[in-house]
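Have a look at the structure below before the remarks.
Quick note: the coordinates plus some simple rules give every number you see, no bench work behind them. If you're wondering where the values come from, they're calculated on a predicted model, not measured in any experiment. Heads up, the Cβs are rebuilt from the backbone with ideal geometry, glycines too, and the neighbour counts pull from every protein chain shown.
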Amino acid sequence: MKTIVFSGISIHKGGTLKIFRECLSEAARVLTPEYRVIALVHDAKLYDAPGVEMVEIPEASNHWLKRLRWEFKGFDRLARDWGEIELWFSIHDTTPKVRARRQVVYCQTSFPFMRVRPRDWLYDPKIPLLCLMAKHAYKQNALQNQHVVVQTHWLKEAFARLLGVEKEKFIVFPPQVKRTMIGDARSDGEFVFFYPAFPDSHKNFELLCQAARLLEDKVGTGRFKVVITIDGTENRYGRWLHKRWGEVKSIDFAGLQDLEGMQRLYSQANALVFPSRVETWGLPISEFLPTGRLMLLADAPYAHEASAGAENVRFFDMEDATALAQAMEDALNGGQGQPNPPVPYDDERVSSWGELFEMILAPV
């Protein structure tokens, strides 16, 4: 049997884990009857993929240097025992140095395109360090890939410039969003702005907190509430946010939520606010879009693409708290956004893992 290898040894949480789980589950269903499928993972217990051979490499999940050592040296040593490899599919951004008939990489982080600010080093040095390292690590061996998979058109354009890879090699595979919106927005007189995110420094919570304080100073308390899914204990950035803006009465530090809690907060929100400085997609935008309610979004490429087709969108400068406060005040006074029409892209696109596997394994 021909061998296919999926590598994702640093993946162990969040959206990247969800994507890798979906990938291996579909590989188990459609590829294992015909291929020997091997997955290099952090922890095999995180996956349900019968028939896929799991190789655990746990030490690489929390240290970039260890991961790179495996990517550029260790993987090839492992591969020598597996004979000829038909496809090596790297699920997490870098292109390992291995011998395989075909290589494909899934670029699913946007950190190489974030402008690092000096205070980012204070909140969580790993993020700006990752931004700087990623630009160089992604370029290594990039031209070996037959295809580069990305989630959005804007990432296709950005990675093509960064990696020096022809645009024809890119496949756009948008996230498949399960929409489970329930209930109606609050109508008791208090307007609810909702921002669901983990307190990583690029999420730009401070802009929303500044805007909330400005708006509270102007209109007082009781007219609006800003709900954020942190409680100030998660990390250094979260503690700084709570220390600096914890006394703002209009901000509800609601903490991390399970699925039921997220559905409840989505259903109560009158408007979504999403000020993140950079994203591959912006999943909450897709989850909130079907409600038709107002979305106040950072004026950034990811937000324009994720909200395409929405009827009620207003974009703001992600570095201007006063502009965001004004947009929030307009919402309190009944103001609405504008339609963001769909954009017809001419990308090579797929809509499922099965379609993707078929494309990258097509005879050449």
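Summary of values
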{"quantity": "Loop trypsin sites (Lys or Arg not before Pro), the stretch 241-309, which have at most 14 other Cβ atoms in a 10 Å radius of their Cβ (DSSP)", "calculated": "249"}
{"quantity": "Candidates 111, 193, 75: whichever shows maximal mean-square fluctuation once the chain is modelled as a Gaussian network with Cα springs under 10 Å", "calculated": "75"}
{"quantity": "Amide H partners (placed H, <5 Å) of residue 149, local residues excluded", "calculated": "105, 106, 107, 171"}
{"quantity": "Rounded to 5, percent antiparallel among DSSP beta bridges of the stretch 191-340", "calculated": "10"}
{"quantity": "Residues whose placed amide H lies under 5 Å from that of residue 250, excluding near-sequence neighbours", "calculated": "none"}
{"quantity": "Calculated [θ] (222 nm, deg cm²/dmol) that DSSP helices of n ≥ 4 give over the chain, each run adding -39,500 (n - 2.57)", "calculated": "-10000 deg cm²/dmol"}
{"quantity": "Pairwise centroid distance, computed over Cα atoms, of the stretch 227-249 with the stretch 269-308, Å", "calculated": "22"}
{"quantity": "Amide proton proximity set for residue 311, modelled H, under 5 Å, gap of 5+", "calculated": "340"}
{"quantity": "Computed label-point distance, nm, for sites residue 217 and residue 267 using a 7 Å Cα→Cβ extension", "calculated": "3.8"}
{"quantity": "Cβ-defined net charge surrounding residue 240, 10 Å radius [Lys, Arg +1; Asp, Glu -1]", "calculated": "+4"}
{"quantity": "Within the chain, longest stretch free of exposed GluC sites (Glu not before Pro) [DSSP loop, at most 11 other beta carbons within 10 Å]", "calculated": "248-364"}
{"quantity": "Efficiency of FRET from Cβ geometry, residue 176 and residue 343, R₀ 22 Å, rounded to 0.05", "calculated": "0.70"}
{"quantity": "In Hz, Karplus ³J(HN,Hα) per residue of the stretch 46-55 (6.51, -1.76, 1.60; θ = phi - 60°; x = Gly, Pro)", "calculated": "7, 10, 10, 9, x, x, 8, 7, 9, 10"}
{"quantity": "FRET efficiency for residue 336 and residue 257, using Cβ-Cβ distance with R0 set to 22 Å, rounded to 0.05", "calculated": "0.20"}
{"quantity": "Cα long-axis angle, helix 126-139 against the chain (0 to 90 degrees, to the nearest 10)", "calculated": "40"}
{"quantity": "Gained length - residue 243 relative to residue 115, 0.36 nm times residue gap less alpha-carbon distance", "calculated": "43.6 nm"}
{"quantity": "Given (1) 79, 46, 33; (2) 69, 40, 37; (3) 60, 50, 39, the label whose value is Cα extents along the principal axes in Å derived from this model", "calculated": "(2)"}
{"quantity": "Chain lengthening between residue 18 and residue 233 when straightened (0.36 nm per residue, less Cα-Cα)", "calculated": "74.9 nm"}
{"quantity": "Potential lengthening between residue 1 and residue 355 on full extension [0.36 nm per residue; Cα-Cα distance subtracted]", "calculated": "125.3 nm"}
{"quantity": "Derived scalar couplings ³J(HN,Hα) [the stretch 256-268; Karplus, 6.51 cos²θ - 1.76 cosθ + 1.60; whole Hz; x for Gly, Pro]", "calculated": "4, 10, 7, 4, 5, x, 5, 4, 5, 5, 4, 5, 7"}
{"quantity": "Net charge of neighbours whose Cβ lies under 11 Å from the Cβ of residue 70, counting Lys and Arg as +1 and Asp and Glu as -1", "calculated": "+3"}
{"quantity": "Two-decimal ratio, the stretch 191-340, of alpha-carbon radius of gyration to 2.2 N^0.38 Å", "calculated": "0.94"}
{"quantity": "Simple spin-label estimate for residue 82 and residue 166 in nanometres, 7 Å along Cα-Cβ", "calculated": "2.7"}
{"quantity": "Cα Rg over Rh - the stretch 5-53, Kirkwood", "calculated": "0.94"}
